[in-house]
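The values are calculated or read from the model by the stated rules, or taken from the named source; none is laboratory data. This one's a predicted model, so the numbers in the text were calculated from it and none came from an experiment. No Cβ is skipped: glycine too gets one built from the backbone with ideal geometry, and neighbour counts run over all protein chains shown.
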């Protein structure tokens, strides 16, 4: 039996536009020394990285490395968890969004989120998209906005004849695309996606990847995935997180390597990244 | 053989018949317990119906009682039914908003320590005997202001409040967190998400809890004796005066010397029972309907 292990992931360069050179990239998030702690237990430690505008940035890593915790720091979603604290800073377009004087509602207004499991409101398909618009006062051309959002989420053709039907009557993949439509309808700058395809079949997954690809000229996407192929397909930049062990044996998530996706998958500079992307670990 | 086809090394077939017997016996016991519960209700309904049937007619609901009547003029307990309607109605108006808001605060906004503390206080309040509440309201309102239907409503509201709040908390806890996150993730304030997404999910449960609370307090006598029992025989709607109520009327009629009064007391009890039955069925219907609405269409 051969001992060499072929890379299991191939980076699809054909579908991807070449990434602009680094110096032309605009930083949208600057994360500096971020620690995320649940009731005294450190989940993520010392993350420093920059997320660039109009790119898809993937966060990959084994289960328990704090990917979800980390992405939820970007829109203060962890505020909802009792006992959660974080130190370090995240600057969004130059502005610190972690301070207690920053309104998390305003942060989330700019930085939308799509969750792991589809979570449509128990309302009609139309109202799922329209409710946020109405509450946020984007009432002009409401129907047009709903149609545009659904079209961008590649769902319009499937639901245009039954907009008044319950969103819960849709399939899982359709529900997730509805959640994406709902998130982009209110025109955030960034869309965070926490394993958006983990509960979906390959066709629905492909639809979601395609729409990320199509929409990234207008939005910035940050996507958590434990599917390396998915990261290789959609992401321009990839951050690899892993579980490290502290001196007293405590385990925490840590950013190991952050680079262009192509480099992460073909020429990683860290041994742990290489082990992970070649399937030797995780 | 009962254990045919199940034999094999290590399989303790020898105990199988015994296990079956124990299973049977336990099933029977459980069935019996259920039967006893139903039987008690059936006996209560039957005995009330049998004794009250002779006076159960439209007059009971439409005619006022006639004091010291020796003739056979038709009379009823209209004043008591109207009084109970007013007293319980106002009690709902008092307890429902407060109960729901308490539950929303505790479940959606309060830190865990406050939630646990206040939940315990609600449980204690729920365990306070009705007569103690009656004395409390007597000392608080009746002394100095005199009896009134509002005082009675306030006493009943004190009894309803923990029931409504606890029932609402329970249904709020059933709303999946993913729905809250969905609203908040859109950049929508928490109060708005709570109001438009979370609370509508719980309407069925709130209605059920309220109806159960109403059913519980509609038959309360002790607090009303203290707060709204010195009444005449005429129908009034004004809650600023003491109003007759069904449980107090039943209590008073049961002390009467006239057997016809006794029959009327039974009939009034029967009406109360029927009302509670209909209310419970209605609540069930609302709850099922709202659950069906939540699920996929």
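Here the condition is being more than 17 Å from residue B:247 (Cβ to Cβ) and crowded, with 21+ Cβ neighbours inside 10 Å; of B:133, B:150, it holds for B:150 alone. The residues in the range A:60-78 that are assigned to a loop (DSSP other than H, G, I, E, B) and in contact with a helix residue (DSSP H, G or I) (Cβ under 9 Å, 6 or more places away or on another chain) can be counted, and the count is 5.
All of A:231, A:185 fail the test of being without any contact (Cβ under 8 Å) to a residue 60 or more places away in the chain and surrounded by 23 or more Cβ atoms within 10 Å (Cβ to Cβ), apart from A:185.
In summary, residue A:35 fulfils each of the numbered conditions (1) at pLDDT 90 or above; (2) farther than 17 Å from residue A:243 by Cα with the single exception of condition (2). If the condition is being out of contact with any helix residue (DSSP H, G or I) (no Cβ under 8 Å at 6 or more places or on another chain) and within 18 Å of residue B:191 (Cβ to Cβ), then the range B:100-125 contributes B:101, B:105, B:111.
Take the residues in the range A:252-265 that are assigned to a helix (DSSP H, G or I) and touching a helix residue (DSSP H, G or I) at 6+ places or on another chain (Cβ under 9 Å), then tell me which one is surrounded by the fewest Cβ atoms within 10 Å (Cβ to Cβ). Among residues in the range A:252-265 that are assigned to a helix (DSSP H, G or I) and touching a helix residue (DSSP H, G or I) at 6+ places or on another chain (Cβ under 9 Å), the one surrounded by the fewest Cβ atoms within 10 Å (Cβ to Cβ) is A:262. Being touching a helix residue (DSSP H, G or I) at 6+ places or on another chain (Cβ under 9 Å), free of Cβ contacts under 8 Å to residues at least 12 places away in the same chain and within 14 Å of another protein chain (Cβ to nearest Cβ) is not true of residue B:291.
The test for being closer than 25 Å to residue B:214 by Cα and not assigned by TED's automatic domain parsing to the domain that holds residue B:152 does not hold for residue B:80. For the range A:203-250, the set of residues classified as part of a strand (DSSP E or B) and farther than 18 Å from residue A:261 by Cα consists of A:243, A:244, A:245, listed by residue number. Just to be sure before I move on: is residue A:88 in contact with a strand residue (DSSP E or B) (Cβ under 9 Å, 6 or more places away or on another chain), without any contact (Cβ under 8 Å) to a residue 40 or more places away in the chain and more than 14 Å from chain B (Cβ to nearest Cβ) in the structure I sent? So residue A:88 fails the test. The residue list B:247, B:259 contains one member that is assigned by TED's automatic domain parsing to the domain that holds residue B:96, more than 16 Å from residue B:167 (Cβ to Cβ) and modelled with pLDDT of 85 or more, which is B:247. Listed by position, the helices (runs of 4 or more DSSP H) enclosed by the range A:102-190 that each have at least 1 residues that are farther than 26 Å from residue A:53 by Cα and within 12 Å of chain B (Cβ to nearest Cβ) are A:125-135, A:172-185. Mind listing whichever residues of the range B:159-183 are part of a loop (DSSP other than H, G, I, E, B) and buried (at least 20 other Cβ atoms within 10 Å of the Cβ)? Once the filter is applied, which keeps residues that are part of a loop (DSSP other than H, G, I, E, B) and buried (at least 20 other Cβ atoms within 10 Å of the Cβ), the range B:159-183 yields only B:175.
Residue-wise test of (1) away from chain A (no Cβ under 14 Å); (2) modelled with pLDDT of 95 or more; (3) out of contact with any strand residue (DSSP E or B) (no Cβ under 9 Å at 6 or more places or on another chain).
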residue: B:77; (1), (2), (3): yes, no, yes
residue: B:84; (1), (2), (3): yes, no, yes
residue: B:110; (1), (2), (3): no, no, yes
residue: B:150; (1), (2), (3): yes, no, yes
residue: B:157; (1), (2), (3): yes, yes, yes
residue: B:167; (1), (2), (3): yes, no, yes
residue: B:176; (1), (2), (3): no, no, yes
residue: B:184; (1), (2), (3): no, no, no
residue: B:192; (1), (2), (3): no, no, yes
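Right, residue B:199: within 14 Å of chain A (Cβ to nearest Cβ) and modelled with pLDDT under 90 or not? The answer is no for residue B:199.
Kindly evaluate residue B:142 against the criterion of being away from chain A (no Cβ under 14 Å) and more than 16 Å from residue B:240 (Cα to Cα). Let's see the steps before the verdict.
On the way: away from chain A (no Cβ under 14 Å): yes; more than 16 Å from residue B:240 (Cα to Cα): no.
No; evaluated as a whole, the condition is false for this residue.
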